[in-house]
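I have placed the structure first, in the form of structure tokens, so that the comments after it can refer back to it.
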Amino acid sequence: MNKVMQQIKKQRGLSLIEVLVTITITSIGLMGLVSLQMQAVRATTDSGNRSQAVWVLNDILNRIRANEASSASYITNGIFNCAAGAPANTCSVYHTGSAAGPVVAACTGPEMAAWDLFEVACGSPKNDTPAQVFFGNSIDYLPQAQLTIACNIAGCVNGEPLDINLQWRAKSDNESITGAQRTATSGTYTVQHLGFQP
């Protein structure tokens with residue numbers, strides 16, 4: 001009987017400290033997995049955005065090629081300003097979210113350039129406000145996208161080479177990974193075509 005009691009006293013369960021240590025170690029491991037998953041989602045989103053940016057850049061390049069006689073009209077003099085609104089003349093059919101938009105019978109080369117810039121940099125106008133649930137514009141998928149087209153040489157005229165830059169804000173940046181100090185350009189990506197010959 002005495003031996004049985006001694007064995008019972010020697011067999012102790014887990015103490016509260018051991019349980020807390022186990023929970024802490026498991027929690028740290030799970031937080032690492034969650035962080036890894038979040039980084040993977042950000043990287044996947046950024047990869048998709050980069051593909052979208054290349055598509056948008058190719059779109060404006062092809063539009064300039066098609067309107068080569070007015071290629072100098074595509075120069076934006078800095079970042080293209082979407083706040084100015086759509087050009088007076090609509091030069092292509094687009095969908096507003098509820099119906100087909102109006103179309104102008106004929107546009108001049110400069111009018112077509114103004115419309116192309118607005119449609120690529122800002123997207124076709126939509127009338128489904130306030131929800132804005134109709135996403136039909138490629139540029140809508142690039143956060144804080146900015147299009148800049150400049151002349152590659154001084155005194156640019158139609159047919160001269162152009163420098164085209166498309167910049168957007170990424171979901172992740174090197175600073176968040178390395179721990180370096182963030183700057184104004186942290187997380188900003190650019191695709192460009194320098195010296196584009198229409």
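Extension gain for the segment THR108 to GLN197, taken as residue separation times 0.36 nm less the Cα-Cα distance, is 29.9 nm to one decimal. Taking label positions 7 Å along the Cα-Cβ direction at both THR96 and GLU160, the computed distance is 4.0 nm, reported to one decimal.
The peptide list 22-31, 62-71, put in order of mean Cβ contacts within 10 Å with the highest first, becomes 62-71, 22-31. Taking a Cβ cut-off of under 12 Å around THR76, the surrounding Lys, Arg, Asp and Glu residues balance to a net charge of -2, with basic ones at +1 and acidic ones at -1. Using the Cβ-Cβ distance between THR76 and SER27 with R0 = 45 Å, the FRET efficiency computed as 1/(1 + (r/R0)^6) comes to roughly 0.30. In this simple spin-label approximation, SER172 and ASP59 carry label points 7 Å from Cα along the Cα→Cβ vector, and these lie 2.7 nm apart.
Values in this text are rule-based calculations from the coordinates and carry no lab data. Remember, predicted model here, so these are calculated numbers, not experimental data. Positions of Cβ are generated from backbone atoms using ideal geometry, with glycine treated the same way; all protein chains shown enter the neighbour counts.
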